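What follows is a set of notes on a single structure, which appears directly below.
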Amino acid sequence: MTLKIAIIETGKIGDSQLAPALNQVKDASFWSVMSRDLQRASAFANAHKAQSPHPAYGDLKTLLADPDLDAVIIATPDKLHAEQAIACATAGKHVFVEKPMATDIDSANAMQAACRKAGVQLAVGYHLRWHAGHRRLVDVVRAGKLGELRHMRVQWTSKAADASNWRASSELGRWWSLAGVGTHCLDFIRWVMVPACGEVVLLRSLIAHSVWRGPHDETALVSMRFESGATAEFCSSVVFPSPYRAEIFGESGYALCEGTLGPKGAGKIHINDEPMAFCEVNPYVGEISDFVAAIKEGRSPEVDGREGLRNVELLLTAAEVK
């Protein structure tokens, strides 16, 4: 059975990553798309070869009324996620939502409750987990080849041209660098550290927004301690470029990821200065494939609503200090 999946929103991530990836997923088809601008939806549907006889919609209610539709991918701005996800679940559609899943705890809980009540799956889009090199590296860590984990550090920054990004204002988002890439850094850290080190028990942050002086973080430095005593830190920013890096330190070894924090599944990974081989694969294909498999197998996606909620909880803690 091929699952028919719609995309809600026609922005950059949907156009450049999600729609092309969906078209490569086995047992799934790009079925339809919704945008507030119907002409834009039509152009998007044509560009990515949507399979529905009526592929373009200008409102969510009409899209969800399609009895042939099985699931949706929500790629709208962050503050729209909860209402849209709940509507999709209520209509009986499985939900894949881009990160972060929500901007407050009540909304994240409501999304999970709606999906449970409707008996549909809820997945959250953290594509770094589907980078083939990251997955092999996590296997190395799980096997204890670095020894007991002591520390992890992640840096992902870029330089925005101005403050026109919707994440910079409070209308549609709650965080800027933290929502753009910091949430990915946080998920990567928890994915690596939590199984061996337990949960985050202390989190401290330093937030700066002195360039454009808007309401949201421009640079965020976040440090945390886990139950085991191990520590981690990440830096996200929209005001300076830097190499994309992730480092994992164990009692008897270390790993370095360079250029792997992006959409392409590329970069280099070294373990104790020795290169680790991996095949470059599209991580967006991986995350959507897991979503499809979870639906067909009746299991939770690898990154489910509980993981999404925990990420939101920690983002809220990080952003408390302005």
Of Phe30, Phe96, the only residue that is closer than 27 Å to Leu315 by Cβ, within 21 Å of the chain's Cα centre (by Cα), in a strand (DSSP E or B) and of a type in the set (A, V, I, L, M, F, W, C) is Phe96
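Listed residues Ser237, Ser228; which is open to solvent by less than 40 Å² (accessible area, probe 1.4 Å) and more than 15 Å from His131 (Cα to Cα)? Show your work before the answer.
Values: Ser228 fails: open to solvent by less than 40 Å² (accessible area, probe 1.4 Å).
The conditions single out Ser237.
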Those residues of segment 242-271 that are closer than 19 Å to Ala230 by Cα and over 21 Å from the mean Cα position of the chain (by Cα) come to a total of 8
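Which members of segment 291-322 meet the condition of being open to solvent by less than 20 Å² (accessible area, probe 1.4 Å) and either within 14 Å of the chain's Cα centre (by Cα) or at positive phi (or both)?
Going residue by residue through segment 291-322, those that are open to solvent by less than 20 Å² (accessible area, probe 1.4 Å) are 291-292, 294, 301, 303-305, 308, 311-312, 314-315, 318-319.
The answer is Phe291, Pro301, Val303, Asp304, Gly305, Gly308, Asn311, Val312, Leu315.
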Of the residues in segment 99-113, those that are open to solvent by less than 10 Å² (accessible area, probe 1.4 Å) and either assigned to a helix (DSSP H, G or I) or more than 25 Å from Ser177 (Cα to Cα) (or both) come to Ala108, Met111
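Considering each of Arg136, Arg116, Arg150 in turn, give the residue that is under 30 Å from Gly253 (Cα atoms) and assigned to a helix (DSSP H, G or I). Talk me through it step by step, then tell me what you get.
Details: Arg116 fails: under 30 Å from Gly253 (Cα atoms); Arg150 fails: assigned to a helix (DSSP H, G or I).
From the options Arg136, Arg116, Arg150, the qualifying one is Arg136.
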Within segment 67-82, of all residues that are open to solvent by 20 Å² or more (accessible area, probe 1.4 Å) and in contact (Cβ under 8 Å) with a residue 12 or more places away in the chain, the one farthest from Gly11 (Cα to Cα) is Asp68
Taking segment 62-91 and keeping only residues that are over 22 Å from Asp27 (Cβ atoms) and outside any loop (DSSP other than H, G, I, E, B), one is left with Thr62, Asp78, Lys79, Leu80, His81, Ala82, Glu83, Gln84, Ala85, Ile86, Ala87, Thr90
The one condition Ser177 fails out of (1) within 19 Å of Glu320 (Cβ to Cβ); (2) surrounded by fewer than 24 Cβ atoms within 10 Å (Cβ to Cβ) is (2)
Checked segment 125-174 for anything β-branched (Val, Ile, Thr) and touching a Leu at 6+ places or on another chain (Cβ under 9 Å); matches are Val140, Val141, Val154
Exactly one of Ala41, Ala50, Ala45, Ala19 is in a loop (DSSP other than H, G, I, E, B), open to solvent by less than 50 Å² (accessible area, probe 1.4 Å) and hydrophobic (A, V, I, L, M, F, W, C), and that one is Ala50
Per the filter on segment 6-15, residues out of contact with any Phe, Trp or Tyr (no Cβ under 6 Å at 6 or more places or on another chain) and open to solvent by less than 60 Å² (accessible area, probe 1.4 Å) are Ile7, Ile8, Glu9, Gly11, Ile13, Gly14
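The values are calculated or read from the model by the stated rules, or taken from the named source; none is laboratory data. Predicted model only: the values in this text are computed from it and were never measured. Note: ideal-geometry Cβ built from the backbone for every residue, glycine included; neighbour counts use all protein chains shown. Quick note on the areas: whole protein, heavy atoms, side chains included, nothing else; ligands and nucleic acids left out. Shrake-Rupley method; radii C 1.70, N 1.55, O 1.52, S 1.80 Å.
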